[in-house]
Ligand code: DX5
Ligand code: ZN
């Protein structure tokens, strides 16, 4: 997965009554991927979508689908999300299943594996897996809802992970997920984020998302 600057549209704050059109709006706006927030009501206190929705959305975009599994038992659902049309599947190191087994299962399903860690999870919980994944998704909100404020206290942890990735000579892009918008995207990118997930910061705009996406790209580079 290339690690130049990518904007990934999270549909969490899109109009769920028109998700197909909302995905197309993001595609037409020029984003690089679609970020699908999956929640099971157990790992987080919210329930969103499952494989059937990923399958329904698949025909609306040729862009990569990143399924972000905020679920306690990812091993049980990886094949279903893979068959539904996910290109990249991200699970949480805090989930019940062993992260190494989850990564192996995602690869066995023919998909790109990623792991995510919550804002208060120590880096030691994910460093054993850095050489086995192709996206490191750093949460800058406590997962569960869109529209939360960006936690800039996570930035030092992100910068440490960026340096560790460089020390190890890994080609591993860092995703940043939660509260990324015009105001925060510069700091997120400067701390090492290259796959920048934006939900409410995009979908708060009606109509054409092109100008909003262009602004996000420009502002991401402004801090460097
Ligand atoms: C939170 C989700 C994120 C995110 C998207 O659990 O994983 O994808 O919050 O929404 P915004 O950009 O509004 O924070
Ligand atoms: Zn997400």
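General remarks:
- Meets criteria (away from ligand 2 (no atom under 14 Å from the Cβ) and touching a residue at least 40 places away in the same chain (Cβ under 8 Å)) for residue 85: no
- Exactly one residue out of 212, 222 is in contact (Cβ under 8 Å) with a residue 24 or more places away in the chain, within 16 Å of ligand 1 (Cβ to nearest atom) and more than 20 Å from residue 71 (Cα to Cα): that is 212.
- Residue within the range 164-185 that is free of Cβ contacts under 8 Å to residues at least 40 places away in the same chain, out of contact with any helix residue (DSSP H, G or I) (no Cβ under 9 Å at 6 or more places or on another chain), part of a helix (DSSP H, G or I) and farther than 18 Å from residue 26 by Cα present: yes
- Top-ranked residue of the range 27-56 - restricted to ones that are surrounded by 21 or more Cβ atoms within 10 Å (Cβ to Cβ) and closer than 26 Å to residue 208 by Cβ, ranked as nearest to the chain's Cα centre (by Cα): 35
- Only residues that are out of contact with any strand residue (DSSP E or B) (no Cβ under 9 Å at 6 or more places or on another chain) and either closer than 20 Å to residue 16 by Cα or free of Cβ contacts under 8 Å to residues at least 12 places away in the same chain (or both) were counted across the range 37-59, and they come to 4.
Values quoted throughout were computed directly from the atomic coordinates according to the rules given, and no laboratory measurement underlies them. In this text, all values refer to a predicted model and were calculated from it rather than measured experimentally. Every residue, glycine among them, receives a Cβ derived from its backbone with ideal geometry; neighbour counts consider all protein chains shown.
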